[in-house]
Ligand SMILES: [Zn+2]
């Protein structure tokens, strides 16, 4: 895709400070692996860096590492987790933003958006956006779908709520001006050099086979 970007999705970084949800361990990466990916993509204009779930490692590890390299990241927080142990507080979210990063919505309670209707959908899309905006004191215009789960109804709700960009976890390169954008997920055990294959387009067959095997593990995202 000409003029496309690679959007990388990270989750927790470092040693998990809490007991993880089922399947979540697949998405926590070591600090060393994370830093190596940053060094591989630093200076590339066709890469975006995103962080889901609002873990405390966003502020403790990711933000300083990005700032040191002159990079920016987009952090997607769950509104109901603000201030919960081992997640970002409102104050920490403001600090992340003050360091030049952006804060986006990962919904209210970290549940799959596909299939939600009515009050449950409204809470995830509209109420979460408002709470996050109140917490950081700025508009929240980007969203990332929890578990990569989305459907026609939730996308319509996101449009009505005024979101300007929505990220999935469907792999592949993204059109930087598109409303709905794909992301590549960096996972536990991934060789940091995998990001180079994302930059150049489709991964080599061997890596695809490895990743396909990993798909049998229950998905988190
Ligand atoms: Zn998530």
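Bear in mind these aren't lab numbers, they're just calculated from the coordinates by the rules spelled out. Everything numeric here is computed off the predicted structure, so don't read it as measured data. Every residue, glycine among them, receives a Cβ derived from its backbone with ideal geometry; neighbour counts consider all protein chains shown.
Based on DSSP, what percent of beta bridges with both residues in the chain are antiparallel, to the nearest 5? Could you put the intermediate results ahead of the total?
Details: 2 of 23 bridges.
Rounded to the nearest five, the antiparallel share is 10 percent.
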Q | Backbone N under 16 Å from the residue 133 label point (7 Å along Cα→Cβ), restricted to the range 80-119 | A | 103-108
Q) What's the exposure ranking of 145, 154, going from fewest to most Cβ atoms within 10 Å? A) 154, 145
Q. Percent relative contact order of the chain, based on C-alpha pairs within less than 8 angstrom and at least six residues apart?
A. 25 percent
**Q.** Calculated [θ] (222 nm, deg cm²/dmol) that DSSP helices of n ≥ 4 give over the chain, each run adding -39,500 (n - 2.57)
**A.** -8000 deg cm²/dmol
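Express the relative contact order of the range 41-81 as a whole percentage, based on alpha carbon pairs under 8 Å and six or more residues apart in sequence. Before the final figure, lay out each step's value.
Values: 31 pairs, mean separation 21.3, N = 41.
The normalised contact order for the range 41-81 reaches 52 percent.
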Q) For the range 46-139, max minus min Cα coordinate along each principal axis, in Å, sorted largest first? A) 43, 30, 23
Q) So how do 16-22, 191-197 stack up, highest first, on mean other-Cβ count within 10 Å? A) 191-197, 16-22
Q: Measure out, as a whole number of angstrom, how far apart the alpha-carbon centroids of the range 110-185 and the range 13-40 sit.
A: 23 Å
Q.
Calculate log10 I(q)/I(0) of the range 6-214 for q = 0.08, 0.09, 0.11, 0.17 Å⁻¹, where I(q) comes from the Debye formula with a single equal point scatterer on each Cα and nothing for solvent.
A. -0.25, -0.31, -0.48, -1.21
